[in-house]
Structures are given as C-alpha cells and as structure tokens.
C-alpha cells in the first residue's frame with residue numbers, strides 16, 4: 001500500500017514540473033509558491049483549529065515541525081519554480097532525480113543505515129533508466145549540457161526534498177496523525193514564505209494574473225500540495241524513506257506519459273526500455289530493505 005501512496009504523489013507532482021515551466025513567464029516563483037501554499041492552508045484549516053488545544057505539545061515538538069516546513073514547503077518548491085526561470089525542463093528532470101540518492105546518503109551518514117551493494121545496483125539501474133528517457137539515448141545530450149544558476153537552484157531543491165523525506169521517517173512526532181502533522185508543516189512553511197512574498201511584491205510588484213494562472217495555483221494547492229504531500233508522508237510511514245524516495249524516479253516517466261497524451265508525443269521503444277530499467281531498479285530497492293540504526297541528531 002505504501003507504493004500506492006507514493007505513486008499517487010509522484011503522478012500528481014509530475015504536473016508540478018510542467019506547470020513550473022509554463023508559469024515562469026506569467027508569475028514569479030515566490031508568488032506561485034506563496035499562493036499555492038495559501039490554498040493548501042485554507043484546505044487544512046479545520047485540522048489546524050483542532051490542534052489549538054494541543055499548543056503545548058506543538059511547542060514541545062517544534063523542532064521537528066519547523067525542519068520539514070523549511071525544507072519541504074518553503075525551500076523545495078520555491079527553488080524549483082525559481083530554477084524554471086533559468087533552465088530547461090530537461091535539466092529540471094535530470095537534477096531532480098538526485099533526490100532519492102540524497103535520501104540514501106543522509107540515511108547512511110547521519111542515521112547510520114547500512115545498504116547492500118545490491119541496493120546501490122538498484123539505484124544505478126533506475127538512474128540509467130531515467131537518463132535514457134530524458135536524453136532519448138543520445139549520450140551527447142548529457143555531455144553537452146551547459147549548467148546555470150537554475151541548475152544550482154534545482155540541486156538545492158533536490159537536497160531540500162531529501163532532508164524533508166528523511167526527517168519524516170526518523171523524527172515525525174508520533175502523537176500527531178499524518179494529516180495533523182501535514183497541517184502543522186504547511187502552517188509554519190507558509191508563514192516562513194511571507195517575508196519573501198513581501199519582498200517580491202514590494203520590489204517588483206504583483207504579477208499580471210489571468211484565469212490560466214488561477215487554475216494552475218488551484219491545482220497546485222489542492223493536488224501537489226495537500227493530496228501528494230499526505231500520500232508521500234503516508235508512504236514514508238508504511239515503507240520508509242528509502243523505498244518511498246525511490247519512487248521519485250517515476251516523475252520523468254509520468255512527465256513523458258502526460259506529454260504523450262497531451263502533446264501527442266510518441267512512446268518509443270527506447271522509452272519502453274527506460275521504463276523497464278526504472279521499474280527494475282525500484283523492485284531491487286524494494287527487496288533490499290536497509291537495516292537502519294536510528295539515532296538522534
């Protein structure tokens with residue numbers, strides 16, 4: 001069931017990458033992130049209100065609410081949207097696949113998890129599959145890349161997502177349900193965005209919004225924010241950060257499928273081989289669960 005939750009999450013997040021590229025000339029990255037989480041906060045208000053009597057418990061667990069709020073809400077999506085202003089969707093996908101590897105590295109060196117060579121083989125297999133998919137099998141596409149400030153921002157985004165995912169596995173306060181914990185993360189993450197939003201509109205004014213931007217914000221606030229984050233968090237609860245993080249490799253797959261359906265792009269033999277490699281890598285990771293030894297940080 002954990003993989004069902006994480007697959008739902010990445011299937012909805014795939015549109016996040018598409019919208020990031022579409023919206024980069026219509027609304028600033030900070031405004032898009034701010035309004036997205038405002039919509040999510042409105043949806044989660046009932047759970048926020050229910051938590052008011054538990055304010056003492058919230059304060060005592062503040063550290064492990066603020067950390068995922070900063071990395072999962074404030075930094076992750078904002079830097080992704082900023083990156084889309086400077087780099088291509090190809091580079092976004094290429095650097096984005098580093099997130100599952102970040103999860104494994106943090107687990108290994110911070111929480112002393114032990115991984116087998118077989119698991120690393122699964123990571124390598126899935127990575128090769130993604131590289132084949134986004135480069136269309138042309139190695140010159142990869143060797144001829146020119147990296148920019150946008151790529152650095154996307155790397156920060158991937159690193160932030162890794163920190164968020166691992167924190168949820170090891171440090172989620174058990175006293176909160178998943179939806180309560182998500183509500184708290186969104187509240188703190190949203191308020192941390194307010195200074196950046198104020199600076200953006202004070203320095204550059206408001207973007208010119210239209211109906212297309214409105215519907216993009218509404219989609220981002222409901223699905224990639226509330227539904228995907230809840231599903232991702234439930235997946236971590238059920239199968240752990242490493243296995244959940246591995247499904248992030250499917251984002252380029254879903255982006256490719258959506259492009260095929262919406263833009264009439266053909267699914268090639270090479271794409272099918274890429275899908276098989278990515279799925280094989282995920283299967284290997286699933287069947288080589290780590291023997292993590294958790295310790296405090």
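The values are calculated or read from the model by the stated rules, or taken from the named source; none is laboratory data. Quick caveat: nothing in here was measured; it's all calculated off a predicted structure. Using ideal geometry, Cβ is built from the backbone for each residue, glycine included, and neighbour counts are taken over all protein chains shown.
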Show me the helices (runs of 4 or more DSSP H) entirely contained within the stretch 171-287 in which 2 or more residues are under 16 Å from the mean Cα position of the chain (by Cα). 178-204, 211-220, 228-239, 241-246, 251-262
Quick one: is residue 22 within 28 Å of residue 239 (Cα to Cα), more than 13 Å from the chain's Cα centre (by Cα) and in a helix (DSSP H, G or I)? no
Conditions (1) assigned to a helix (DSSP H, G or I); (2) in contact (Cβ under 8 Å) with a residue 12 or more places away in the chain; (3) surrounded by fewer than 23 Cβ atoms within 10 Å (Cβ to Cβ); number of the one not met by residue 32: (3)
Only one of 127, 87 is surrounded by 19 or more Cβ atoms within 10 Å (Cβ to Cβ) and modelled with pLDDT of 70 or more; which? 87
The one condition residue 256 fails out of (1) at pLDDT below 85; (2) within 23 Å of residue 119 (Cβ to Cβ) is (2)
